[in-house]
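The structure appears right after this line, and notes come after that.
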There are 4 protein chains.
Amino acid sequence: MVFILKPNVEKKKIEKFISSWEQKGFSTILSVGTEHTAVCLIGNTAAIDMDHAVQTSDIVLYGKRITEQYKAVNRTVHEDDTIIRMGDISIGEGFFTVISGPCSVESEEQIVKIAKSVKQSGAKILRGGAFKPRTSPYAFQGKQAEGLRMLYAAKQETGLPVVSEIMNQTQLDLFEDVDIAQIGARNMQNFDLLKEVGKLKKPVLLKRGLANTIDELLMSAEYIVSAGNDQVILCERGIRTFETMTRNTLDLSAVVLLKQKTHLPVIVDPSHASGIRSLVPPLAKAALAVGADGLMVETHNDPAQALCDGAQSLDLEQFRHLMDELKIRATVEKKEM
Amino acid sequence: MVFILKPNVEKKKIEKFISSWEQKGFSTILSVGTEHTAVCLIGNTAAIDMDHAVQTSDIVLYGKRITEQYKAVNRTVHEDDTIIRMGDISIGEGFFTVISGPCSVESEEQIVKIAKSVKQSGAKILRGGAFKPRTSPYAFQGKQAEGLRMLYAAKQETGLPVVSEIMNQTQLDLFEDVDIAQIGARNMQNFDLLKEVGKLKKPVLLKRGLANTIDELLMSAEYIVSAGNDQVILCERGIRTFETMTRNTLDLSAVVLLKQKTHLPVIVDPSHASGIRSLVPPLAKAALAVGADGLMVETHNDPAQALCDGAQSLDLEQFRHLMDELKIRATVEKKEM
Amino acid sequence: MVFILKPNVEKKKIEKFISSWEQKGFSTILSVGTEHTAVCLIGNTAAIDMDHAVQTSDIVLYGKRITEQYKAVNRTVHEDDTIIRMGDISIGEGFFTVISGPCSVESEEQIVKIAKSVKQSGAKILRGGAFKPRTSPYAFQGKQAEGLRMLYAAKQETGLPVVSEIMNQTQLDLFEDVDIAQIGARNMQNFDLLKEVGKLKKPVLLKRGLANTIDELLMSAEYIVSAGNDQVILCERGIRTFETMTRNTLDLSAVVLLKQKTHLPVIVDPSHASGIRSLVPPLAKAALAVGADGLMVETHNDPAQALCDGAQSLDLEQFRHLMDELKIRATVEKKEM
Amino acid sequence: MVFILKPNVEKKKIEKFISSWEQKGFSTILSVGTEHTAVCLIGNTAAIDMDHAVQTSDIVLYGKRITEQYKAVNRTVHEDDTIIRMGDISIGEGFFTVISGPCSVESEEQIVKIAKSVKQSGAKILRGGAFKPRTSPYAFQGKQAEGLRMLYAAKQETGLPVVSEIMNQTQLDLFEDVDIAQIGARNMQNFDLLKEVGKLKKPVLLKRGLANTIDELLMSAEYIVSAGNDQVILCERGIRTFETMTRNTLDLSAVVLLKQKTHLPVIVDPSHASGIRSLVPPLAKAALAVGADGLMVETHNDPAQALCDGAQSLDLEQFRHLMDELKIRATVEKKEM
C-alpha cells in the first residue's frame, strides 16, 4: 500500500506518520519525487482499512494498493524517472548513454587504446571484465585484480568512469574504484550478493538472467534498492530460448515493459544477446528506437585475437560508425547522447 | 551445389545444361538475377566433382557448395533481393510497407471504415481475418466466406489489396480474389498446405510458428518456392518462451538473420508478438530500425468491442499517429513508405 | 456449468431438460457414466442462477461451475475413465497398451516382418507412417497411398489394428481402413482437420504440439469430442526447450496432470521425445511408472538403413527385450499389458 | 586426451609420466579405477601426436581423444561409477538413496519430528533449508545460523546425516557440521562458490540450474572436481519451459544422459520440479524407473502451515506411503534402498 502525501508536508509530520506504521510492524519506503512524496508500506497490508487510514491522517492525499511484489522500484510508488548522475554523465529517461569496451581487460596497453577510441566515438562509460564467469574451469578466467588495476589506468588516462563485473562479496574492497558495479546474468538471483551491493554508494548495473522473467528482474532490483541503494540500472541482454542461431534471444518488449513498471533506467546489451557481430548494429538501433536509455556494446581493438567473445565484438572503426548512426537517430528520438 | 553462369549465356545452352543434370537424377532450380544467373542442383551432390563440372562446361563461371538445406530461398543461390510488386506497391528491400486492418472482419461497415482510415494513414495493404484459428471450439471462428465477401467490398471501395489467412487447401477457391494468401503461425509446418499455395500465382505471407526456428521457417518457405511460387513474404511474429508478461517474445534478431540468409522480404507483426497495445508502437519502430521490410499491425475502429484480439489492436487514431512517427524514421533509414 | 442428474432418470425427461437449455441459446454435452449422467452447458453461463436452476428441476441432483474452457473432455463433467475398445484391445486406465512399428512404411515385406515381430513381443497395435511431414521438401515424404496399402497388408497378415498419420482432410477416404487416425504434433492446432476427424467413427490419436501447453492439448481434444467423436487418445511426445542434447524434452508431469484433468487415455512416445535409441527403454519404463496408459515406440528391422528416424528406432530384438521388462513392471503397477 | 595405463604400473613411473606432461604446460587429472588407471591432459592437446606419445611410453596401454570439455567428470576418463559413502550410506549406481525433510527448518521441534518420521519411513539423509534463496526480499529468508543449529540437533537425535544449501562462500565455517553442502539451482553457475566447495572434504549436492543445459551442469561439476573434491552428486530438479501448469518441467531424459556421460551419482528432486504435491509420488516412481540413484523429496509435518513450499510438500504419512511403494519397485530395478 502506498500513501501519496499532500504537497509541502513538514518533514517532522512525515517522520511521525512513518514511525506510527513501523510501530504496527510494517516496513516503510519513503519516496520523494518532484511532484509528490509517497510512503509505501511493506508487510501484510491486506488487513488495513485504507479509506480509514487516509481519512484519519491530515497529511495523506490518497492511498493506493500495490498488487506487485516490488515496491521500491515500482513506478506506482515513485512516478519520477530515476536519472543516475556521474559527473556530467546522466543515465535515464531523455538520455542515450553508451557503455563500451572489451569483454575482458587483456593488458594496460589494450584497455587504454580501446578507452581512448570509444571515448572519441562518443561512449560515456568504459567497460572491462577483470573477473570472468566462464562455463569451463579451463577457460580464461580474466586478469582478476591485475585486470582491475589496468582498468583504473584507462580510467585515469581518459577520465571515463568504469564498470566491471563483481562475482562475489569477498571482492568488494577490490571494487572500490570501480564506478559502476556490474551484477552478471548468472548472478541475478545471487541474493546475498544483491544485499551487499545494496549497501554500496555507487550505481549497480543489474543484468537480466538467462531464464529470468521481467518480474524476477524487478524483484532482484528490489533487493538492492530496499537495502539502501537506489542507483540501479537494469540491463536486458537476451534470454535463453529454443532458437540456437543466436546466442540468446534479445527481448526488446521487456525494455518497454520495464520502462512502464519501474522508474529505473533500462539499457540493452546487443553483444551478449546475439553473440554475432553483424547483428550488433541493427539491434543497437532497435534498442534506441524501442525506448532504451542506453547500450552496453563490446568492442575490441583486434576481435580476431580477443581472449573472449571476439565473435560478438565490434572493432573500433565499426563502433565509431555505429555511434555516428546512433547519433542521427537519437536526435529523432529526442534523446541526448 | 550452385553453378554461377557466365554473363549472357544463350537460353538454349542453359536449358541443355539443366537437362544434363536432370538426366543424372538431380532436381534443379534456375535463378535469374540482375547480376548473374545461377543453376542450383538438389539431390545427393556430395559425390559430384565440382571442379571437373566447372571445367568441362563452357557456360559456368564458378561453382559453390551450399551447406544449408534451403536452396531456392538461399541468398547464395539468388543474391538479388526479391521485391514483390502489386500494382504500384512494392514489398522488399528499400521499402517499408505497412499492412493493417482488424484481427477479424466483423461487418462490411466495419471493414470499409477501417480500410478507408488506414489507407489515409499510409497503410498499403488491408488485412482482415475471415477464417480464424482459435484455441477453443467455442470461441468466435470468424465470419468465414461471408467475411471474405466483406473484405472484397472494402478492397473495391478503397483499392487496397487484401490479405487474409487460409486455413486449409479446400478453401483455395474462396481465396481467388484475395491478393496475398496468409499462412498462419500454427500452419507454418502444414506442409500439404504449403505445397498447395506453392502453386498459386499470388504472394504468400508466411508467419513464423510459435516454436519454430529460423531454419525451419526458411525450409517452409522452400516448400512454397520449390513448388513454383517465388513470391513469399516472411513474417516474424514472436516466439513462445518462458516469459509470460507478453503473449510471445518478439525475436528481432531473426529479422536481421533472415535478411542475411534469404532474398525474400521480411516483415514484423508487433501486435501478435506482444499482445499488448502499448507495446505495438515502440516495437514497430524497432522493427523499422532493425531492417524489416514492413509491418502487419492490427487496427480496429473500437478495440474494446472487438470480437477478437482487442487488447492488442490500435484504434484508428493511434495507428495514424504511429504511421506519422514511422514516416519520419523511414526517411532516416532510407526506406520508401 | 454441469448438472449432475439424479439416478435412473427417464430418457425423455433428460431430452426435455436439454432442449429447454438449447432453446435459451446454450449448446449441451450429454455425458452418460456408470455412476451418474451429466449435462454440460456451453455458452455464457455466468448469468445463470445455478441454485435456482437446480431447485426448479426435478431431475437434477446438483450443479457445478466449470472454470476450464474444456468441457466435454473435462473429468468434472465425465468422471469415469474413457476406455477405448477395439476388438479385444483396450486403451485407457488399467491397461498398458503398446503401439509399435516403423516411422515410415518402406515396403510390404518390411512392414509385414516388423508387424509379426512386434505382435509376438506383445504390441497390440501397429504403427506405420505413409504420409510423412518433413521439415525439408527434398526429404523422403513417405510412400503415401502405396504405403497405406502395404500397411493394410500387414494388418491382414497379423490381425493387428493399424494407426497412421493423416496430414489433411482431403485424405480422409484413403484412411477408411486405418483403425486409428493419428494427428501429428505439427497439426495439433490444425483446427479444420480436428473438426473433420471429429466426424469419424474411429479413435483419433492426438499428439501434443512441440510448443503447446497442456491446456491447449485439451482444447484441441475438445474440438474433436465436441464434433461428435469421443474416442480420443492423447499422446505426450516431448516439448521444445532450450536443451539440445535430446530432440525434445519429454514432459512426464504432463501425463499425470492430463490423467487428473481429463477422462481420456494418455500415452507416451519416448522415441520422438528423445530422438536417441538408448533413451527409449528407460523413458518407456518411466512412462509406465508415472501412470501412462500405453506407449508408441518406433521399431525397425534394420534401423541403420531406415528411411527416416533410424537413430531413435529400436531393432526388433531390443523391442522384445523392452517388452519383457515392461511386462514385469506392469504387474507391479497393476496394469494389463 | 586421456591415456589409459597398463595394469599394475609402479606409482613412481606414473608420477614421472605426469610430471613430464606438466612440464610441457598441461594440467593433468589422475583417475584410479578398479579396472584401470587413467591420466587425462588438460590444455591444448590438439597438437599432440597421440600415437607417438603412446608408442614412446612403456606404461601407456592406449590413448583416446576426448571431445567434451569436461574431463574429470567424464566417464571416458573414469569408467567406474563413483559411489559416495557416508558411514553405512551409499549414493551411486546400485542404490536408491532418498533424502527428505522440510523446505525450511522452522523449529527444533519441527525438524526433529520430521527427521524421526522420515528415518522410520526409510529416508537415509535429512534435508533442511536454513538459508533460503527467495525471489522477494520481503519473503521469509530462512532461520539462518539458528536453523543450522536446529538441523544439527535433529542429526544428533536421529543419526541421519544432513544436507543444507550454502548460499555464498562466507558461510563455509557455519557449514562445518553439515554432511552434504547443497549448491542451489540459482547458484549452479556461481563459479567462485563452486571453486570453494571444491576444496571441501565432504560431498556436494549440485542442482541443475533452471535454464542450464546438461553440458553446463557437467561443466559446473567439473569446477568442483577439478578443484579437488570428487564427491559430487548431481540433481535434476526441473527446467524452465513455456509450460506454466507445473513450476518447472522435470527432464528425466537428462538423468539417463548424465548417467551415460559421467560416473557421478544423479538424483531427482520431484518436489521443486513440479511444485504440486500430487505429482511428487508418480514422478518419484518415474525417477526410479528411469535409472536415478536417489531422490530429494520435501516433507513437512503440516504442509498447510509450512513457511515455504507447502504446496509441494508431502505430509509424513504420504511420504511413508510413497516409500513403501518405492521399496517394491526398487527390488524390481535391483537397487538397494
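So which of B:165, B:176 ends up being over 21 Å from residue B:298 (Cα atoms) and without any contact (Cβ under 8 Å) to a residue 40 or more places away in the chain?
B:176
Quick check on residue A:172: is it in a helix (DSSP H, G or I) and open to solvent by less than 10 Å² (accessible area, probe 1.4 Å)? Break it down stepwise before answering.
Numbers: in a helix (DSSP H, G or I): yes; open to solvent by less than 10 Å² (accessible area, probe 1.4 Å): no.
Considered against the rule, which asks whether it is in a helix (DSSP H, G or I) and open to solvent by less than 10 Å² (accessible area, probe 1.4 Å), residue A:172 comes out as no.
State whether the residues of the range C:313-321 include one that is outside any helix (DSSP H, G or I) and of a type in the set (Ser, Thr, Tyr). Give the derivation first.
Taking the range C:313-321 first, the residues outside any helix (DSSP H, G or I) are C:313-315.
Those still in the list that are of a type in the set (Ser, Thr, Tyr) too: C:313.
Yes, because at least one residue in the range C:313-321 is outside any helix (DSSP H, G or I) and of a type in the set (Ser, Thr, Tyr).
Please state which one of B:329, B:320, B:277 is at the interface with chain A (Cβ under 9 Å from one of its Cβ atoms) and either under 30 Å from residue B:229 (Cα atoms) or touching a helix residue (DSSP H, G or I) at 6+ places or on another chain (Cβ under 9 Å) (or both).
Working: B:320 fails: at the interface with chain A (Cβ under 9 Å from one of its Cβ atoms); B:277 fails: at the interface with chain A (Cβ under 9 Å from one of its Cβ atoms).
Answer to the selection: B:329.
Please specify each residue of the range B:285-306 satisfying the condition of being within 14 Å of another protein chain (Cβ to nearest Cβ), touching a residue at least 40 places away in the same chain (Cβ under 8 Å) and touching a Ser or Thr at 6+ places or on another chain (Cβ under 9 Å).
Answer for the range B:285-306, where residues must be within 14 Å of another protein chain (Cβ to nearest Cβ), touching a residue at least 40 places away in the same chain (Cβ under 8 Å) and touching a Ser or Thr at 6+ places or on another chain (Cβ under 9 Å): B:293, B:295.
Collect the residues in the range C:53-81 that are open to solvent by less than 20 Å² (accessible area, probe 1.4 Å), away from every other protein chain (no Cβ under 14 Å) and out of contact with any helix residue (DSSP H, G or I) (no Cβ under 7 Å at 6 or more places or on another chain), keeping them in residue-number order.
C:53
Being within 28 Å of residue D:29 (Cβ to Cβ) and either basic (Lys, Arg) or modelled with pLDDT under 95 (or both) narrows it down to one residue among D:237, D:320; which is it?
Values: D:320 fails: within 28 Å of residue D:29 (Cβ to Cβ).
Just a single option satisfies the conditions, and that option is D:237.
Which condition does residue C:142 not pass, out of (1) farther than 30 Å from residue B:72 by Cα; (2) of a type outside the set (A, V, I, L, M, F, W, C); (3) not in a helix (DSSP H, G or I), if it passes all the others?
Among (1) farther than 30 Å from residue B:72 by Cα; (2) of a type outside the set (A, V, I, L, M, F, W, C); (3) not in a helix (DSSP H, G or I), residue C:142 violates only (1).
Is the range A:58-71 home to any residue that is in contact (Cβ under 8 Å) with a residue 60 or more places away in the chain and among the aromatic types (Phe, Trp, Tyr)? Don't jump to the end; show me each part of the working.
Filtering the range A:58-71 down to residues in contact (Cβ under 8 Å) with a residue 60 or more places away in the chain leaves A:63-66, A:68-71.
Subsequent filtering for residues that are among the aromatic types (Phe, Trp, Tyr) retains A:70.
Looking through the range A:58-71, at least one residue is in contact (Cβ under 8 Å) with a residue 60 or more places away in the chain and among the aromatic types (Phe, Trp, Tyr).
Among (1) more than 16 Å from residue A:98 (Cβ to Cβ); (2) open to solvent by 10 Å² or more (accessible area, probe 1.4 Å); (3) within 9 Å of another protein chain (Cβ to nearest Cβ), which single condition is residue A:309 missing?
So the condition that residue A:309 fails would be (3).
Only one residue in A:295, A:288, A:279, A:283 is surrounded by 24 or more Cβ atoms within 10 Å (Cβ to Cβ), within 19 Å of residue A:323 (Cβ to Cβ) and touching a strand residue (DSSP E or B) at 6+ places or on another chain (Cβ under 6 Å), so which one is that?
Details: A:288 fails: touching a strand residue (DSSP E or B) at 6+ places or on another chain (Cβ under 6 Å); A:279 fails: touching a strand residue (DSSP E or B) at 6+ places or on another chain (Cβ under 6 Å); A:283 fails: touching a strand residue (DSSP E or B) at 6+ places or on another chain (Cβ under 6 Å).
Only one candidate passes the filter, namely A:295.
How many residues are under 12 Å from residue D:232 (Cα atoms) and either open to solvent by 10 Å² or more (accessible area, probe 1.4 Å) or assigned to a helix (DSSP H, G or I) (or both) when one looks only at the range D:183-196?
Total meeting the criteria: 1.
Output yes when any residue across the range D:134-156 is within 8 Å of another protein chain (Cβ to nearest Cβ) and in contact (Cβ under 8 Å) with a residue 60 or more places away in the chain, and no when none is.
Yes, because at least one residue in the range D:134-156 is within 8 Å of another protein chain (Cβ to nearest Cβ) and in contact (Cβ under 8 Å) with a residue 60 or more places away in the chain.
Go through (1) within 14 Å of residue B:286 (Cβ to Cβ); (2) open to solvent by less than 30 Å² (accessible area, probe 1.4 Å) and name the single condition residue A:332 misses.
Among (1) within 14 Å of residue B:286 (Cβ to Cβ); (2) open to solvent by less than 30 Å² (accessible area, probe 1.4 Å), the lone unmet condition for residue A:332 is (2).
Per-residue answers, yes or no, for (1) open to solvent by 90 Å² or more (accessible area, probe 1.4 Å); (2) within 22 Å of residue D:138 (Cβ to Cβ); (3) within 14 Å of chain D (Cβ to nearest Cβ):
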{"residue": "A:12", "(1), (2), (3)": "yes, no, no"}
{"residue": "A:15", "(1), (2), (3)": "yes, no, no"}
{"residue": "A:19", "(1), (2), (3)": "no, yes, no"}
{"residue": "A:24", "(1), (2), (3)": "yes, yes, no"}
{"residue": "A:27", "(1), (2), (3)": "no, yes, yes"}
{"residue": "A:33", "(1), (2), (3)": "no, no, no"}
{"residue": "A:36", "(1), (2), (3)": "no, no, no"}
{"residue": "A:43", "(1), (2), (3)": "no, yes, yes"}
{"residue": "A:51", "(1), (2), (3)": "yes, no, no"}
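So, in the range B:100-125, exactly how many residues are in contact with a Pro (Cβ under 9 Å, 6 or more places away or on another chain), open to solvent by less than 20 Å² (accessible area, probe 1.4 Å) and over 17 Å from residue B:302 (Cα atoms)?
Residues flagged as in contact with a Pro (Cβ under 9 Å, 6 or more places away or on another chain), open to solvent by less than 20 Å² (accessible area, probe 1.4 Å) and over 17 Å from residue B:302 (Cα atoms) within the range B:100-125 amount to 1.
Could you grab me the full set of residues in the range D:140-149 that are open to solvent by 20 Å² or more (accessible area, probe 1.4 Å) and over 17 Å from residue D:298 (Cβ atoms)?
Of the residues in the range D:140-149, the ones open to solvent by 20 Å² or more (accessible area, probe 1.4 Å) are D:140-141, D:143-146, D:149.
Result: D:141, D:144, D:145, D:146, D:149.
Tally up the residues in the range B:219-241 that are of a type in the set (A, V, I, L, M, F, W, C) and surrounded by fewer than 23 Cβ atoms within 10 Å (Cβ to Cβ), please. Quick ask: steps written out before the conclusion?
Looking only at the range B:219-241, we keep the residues that are of a type in the set (A, V, I, L, M, F, W, C), and these are B:219, B:221, B:224-225, B:227, B:232-235, B:239.
Narrowing the set further to residues that are surrounded by fewer than 23 Cβ atoms within 10 Å (Cβ to Cβ) leaves B:227.
Summing the residues that are of a type in the set (A, V, I, L, M, F, W, C) and surrounded by fewer than 23 Cβ atoms within 10 Å (Cβ to Cβ) in the range B:219-241 gives 1.
Of all residues in the range D:197-234, count the ones that are without any contact (Cβ under 8 Å) to a residue 40 or more places away in the chain and in a loop (DSSP other than H, G, I, E, B). Reasoning before the result, please.
The initial filter retains those residues of the range D:197-234 that are without any contact (Cβ under 8 Å) to a residue 40 or more places away in the chain, namely D:197-202, D:204, D:206, D:209-213, D:216, D:220, D:223-224, D:227-229, D:234.
Keeping just the survivors that are in a loop (DSSP other than H, G, I, E, B) gives D:198-202, D:209-213, D:227-229.
Final tally of qualifying residues: 13.
What are the residue pairs meeting all of these: first residue in the range A:241-261, first residue more than 14 Å from residue A:291 (Cβ to Cβ), second residue among the β-branched types (Val, Ile, Thr) and open to solvent by 10 Å² or more (accessible area, probe 1.4 Å), Cβ atoms under 6 Å, and 6 or more apart or on different chains?
Listed pairs, sorted by first residue: A:241/B:241; A:243/B:213; A:249/A:241.
Specify the residue that is nearest to residue B:188 (Cα to Cα); the eligible residues are those in the range B:203-243 that are within 12 Å of another protein chain (Cβ to nearest Cβ) and among the polar types (S, T, N, Q). Show your work before the answer.
Pass one, the range B:203-243, residues within 12 Å of another protein chain (Cβ to nearest Cβ): B:208-228, B:236, B:238-243.
Filter again for among the polar types (S, T, N, Q), leaving B:212-213, B:220, B:226, B:241.
Working: B:212: 8, B:213: 11, B:220: 7, B:226: 16, B:241: 18 Å.
Only one residue tops the list, namely B:220.
Have a look at C:264, C:258 and point out the one that is assigned to a helix (DSSP H, G or I), of a type outside the set (Gly, Ala, Ser), open to solvent by less than 10 Å² (accessible area, probe 1.4 Å) and more than 9 Å from every other protein chain (Cβ to nearest Cβ). Before the answer, list the steps.
Values: C:264 fails: assigned to a helix (DSSP H, G or I).
Checking each option against the conditions leaves just C:258.
The values are calculated or read from the model by the stated rules, or taken from the named source; none is laboratory data. Every value quoted in this text rests on a predicted model; they were computed, and no experiment measured them. Positions of Cβ are backbone-derived with ideal geometry, glycine not excepted, and every protein chain shown enters the neighbour counts. Side chains included, ligands, DNA and RNA excluded: accessible areas come from the protein's heavy atoms. Shrake-Rupley method; radii C 1.70, N 1.55, O 1.52, S 1.80 Å.
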